[in-house]
Amino acid sequence: MRILVIEDERQLAGHITRALARRGHCLATQYDGVAGLQSALSDPPDLILLDLNLPGLDGLTVLGRLREAQCAARVLILTARGEVEHRVKGLQAGADDYLGKPFSMDELVARVEALGRRGVTSTPADWLKVGDLHMDVRHRRITRGGKQVLLSPREFDVLQVLMQEPGRPFSRTELCERVWQRDHEYDTRTVEIFITRLRKKVDSSAAPPLIQTLRGVGYAIRVAG
C-alpha cells in the first residue's frame, strides 16, 4: 500500500515510516501541511497518516481540502490523547479513523492494515440494492436514483454493512466492531458521526430517506412503508 505520512515531528515520522516499511508498504513523508496537501493531490496515495497540529496548514484544513478535491485516500488522523473534540471534528471532516498520541507502533500498524482491507465482511454478492440505492461492491461505487454518490472508504464500509442485511437493526457497538474491527474508544460518537455523514450524502437530496434511527436500538437501512 502507498502511504503518505504528514507529521512535523521528524523523529516520530521516522519511526512510523520504518515500522510500516518493514510490513512492505511504500512510504513518503512530508513535515508541514502545505507540502503534505500538495503531495497528496499531485500523487494520491492509498492512505494518509495526518497529524492535526501541523505548521503551514493545520491537519483539519488539509483534510477539508482533500475531501473538497474528492481525494479518495483513506485518512488516519493522529491526535494528542486529550483532544477529543479535535478527533470528532476530524471524523466529521472526512477522516476514516483516528489514533491518539502517544501510541504503540504495533497499534499503528494494526490500524493501518485494517484500513487497507477493502471490504468489511465477505459477501457473495457483487451488487447490493435497497430501493433506488445501488452498491457495486467490487468497484466500490454507489448510485442513488442513477446518480453517483461519492463516499469515503469508511463511509462505504458502514453503508455496506447496513445494505448487506436491509431492515436489520445494528447497534452502535456492533457497527463499530464490524467496520473498525475493534472496540472504539468513543464508538457511540464515532458511529453517529458516520451515520450523519451518510445521511447527508445518501438521503439529503432524495426521498424517502433510507437510513433510519431505531430509538434505543441503533440503525437500519430500509425502504419506508
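Can L49 be described as crowded, with 23+ Cβ neighbours inside 10 Å, in contact (Cβ under 8 Å) with a residue 40 or more places away in the chain and aliphatic (A, V, I, L, M)? Yes. Take Q92 and decide whether it is part of a helix (DSSP H, G or I) and either farther than 22 Å from T196 by Cα or within 20 Å of the chain's Cα centre (by Cα) (or both). Answer is yes for this residue. Taking each residue of segment 130-152 that is surrounded by 15 or more Cβ atoms within 10 Å (Cβ to Cβ) and looking for partners that are among the β-branched types (V, I, T) and part of a loop (DSSP other than H, G, I, E, B) with beta-carbon atoms closer than 7 Å, six or more apart or interchain, yields V130/V223; G131/V223; V137/T123. Here D106 does not fit the description of being surrounded by fewer than 18 Cβ atoms within 10 Å (Cβ to Cβ), at pLDDT 90 or above and not assigned by TED's automatic domain parsing to the domain that holds T61. Among the residues of segment 19-40, those that are surrounded by fewer than 20 Cβ atoms within 10 Å (Cβ to Cβ), assigned to a helix (DSSP H, G or I) and modelled with pLDDT of 95 or more comprise V34, A35, Q38, S39.
If you filter segment 151-184 down to residues that are among the aliphatic types (A, V, I, L, M) and out of contact with any strand residue (DSSP E or B) (no Cβ under 8 Å at 6 or more places or on another chain), you find that the one that is nearest to S204 (Cα to Cα) is V158.
The sole residue among R10, R18 that is free of Cβ contacts under 8 Å to residues at least 12 places away in the same chain, closer than 26 Å to D106 by Cβ and out of contact with any strand residue (DSSP E or B) (no Cβ under 7 Å at 6 or more places or on another chain) is R18.
With a requirement of 1 or more residues that are touching a Pro at 6+ places or on another chain (Cβ under 9 Å), the strands (runs of 3 or more DSSP E) lying completely within segment 135-222 that satisfy it span 211-214, 218-221.
The values are calculated or read from the model by the stated rules, or taken from the named source; none is laboratory data. Keep in mind it's a predicted model, so treat the numbers as computed, not measured. Glycine also receives a Cβ, built like all others from the backbone with ideal geometry; neighbour counts cover every protein chain displayed.
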